[in-house]
Amino acid sequence: MILSQVGLPYAGVAAAILSAFVAAGLTAGAQLLGNRYHWCGTPLAHHTHNQSVPRVGGIGVYGAIVLSTVVTLFASVQPLRIVIPILLAALPVFMVGLFDDLRHASPRTKIVAQALGAAILIAANRAVGLHFSLFAALLLGGWIIATSNSFNLIDGLDSLASGSAIVMASCLALINLSAGQPALSFLSLLFVAACLGFFPFNFRKKVFLGDCGSLTIGFILSVIAFETAQVTRSPLAAIAIFGYPLTETSFTVMRRLLAGHPLLRPDREHFHHKLRHAGLSVFQSSGILVLIALAFSLLGVMTELEGSWWLCLAGATVLFYVIGNTFGYLRWSTLAQLRLRLDRSSVEELPDISGYVPNK
């Protein structure tokens, strides 16, 4: 069940280095195949690019984590039993996301895949002797669906999702090290390394994560956070890690309800869209939002170190208010203008993002 406590630090570092190189190699291969076979998808009106870029970068990230874990197993350094169930459970999410990148999958199909992943996780844990109560199982399923999709929402700019994932997973690794959870720290470290291997390709607009990447990354991060919340002094510490994507999701739900639109209908009013509308570059917009992710993640780390849930609630409330006020979601005049824009007949009629003309 357990990684050798003596070999774990060395195995973790070696596996992380391997994960980074494997991710880079797989991403390069996915980029070449994507360009050759046109696995690029069609830029839509809510996207922030209008060029053909392969959307299968998630192959590099997920493949690197899986392969480095397998190599660790063959090296007779067995990870804690919690790692393998997480990777198995992420498989249907990855496959449906990949199908969506190559063809098309409805939002409901993706939610079903996430629910299936949660069921596989529960079944796999039962097989190794870890049991979930009915309440915990329902909570896990709801948490996975909410956070996986919230992470997918922020995947709208080059390096934004991967940069946020690196920050969030790094802080989860620190929290688990503090809590004495080597397996979750091990998986978080592999996760960070895989994203670092992918990051240069995404930064240079060579390949995108695609849904096979963003949904899978969100799924794995959400499960790590859920498992972390059960073993830390303050369960809110792990939840705070998802502060940025959950804040984005909260305001997305609010504005779509405000306009009377379906919650799954895309729009171009996300934080990254607003920053681009304001004239900021892709690099500047991504940097600001990754810093927001870092602020929430550091709040989670401080909450774990202090063991105070009041710190987490107060800090998260302040961050939520500052973000909402900055992006205009707490101003009635701005909300009125937002509703007028969202009331238009189609998303294509929304104002163009600075420097970007969609499908014209």
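Structure notes:
- P(r) weight above 20 Å for region 163-313, C-alpha pairs, percent: 53 percent
- Charge sum, other residues only, whose C-beta stays under 13 Å from residue 282's C-beta, Lys/Arg counted +1 and Asp/Glu -1: +2
- Entry comment: accessible area of region 214-300 is 31 Å² per residue, from protein heavy atoms only and a probe of 1.4 Å.
- Measuring nothing but alpha carbons in region 129-228 and taking Rh as the Kirkwood radius, the Rg to Rh ratio lands at 1.01.
- Here region 60-169 is assigned +1 on the Cβ of each Lys and Arg and -1 on the Cβ of each Asp and Glu. Its dipole about the Cα centre then comes out at about 340 debye.
- The tail of the calculated P(r) for region 134-190, taken as Cα-Cα distances beyond 13 Å, holds 68 percent of the pairs.
The values are calculated or read from the model by the stated rules, or taken from the named source; none is laboratory data. Predicted model only: the values in this text are computed from it and were never measured. Ideal geometry is used to build each Cβ from the backbone, glycine not excepted, and the neighbour counts take in all protein chains shown. Accessible surface areas use protein heavy atoms only, side chains included; no ligands, DNA or RNA. Shrake-Rupley method; radii C 1.70, N 1.55, O 1.52, S 1.80 Å.
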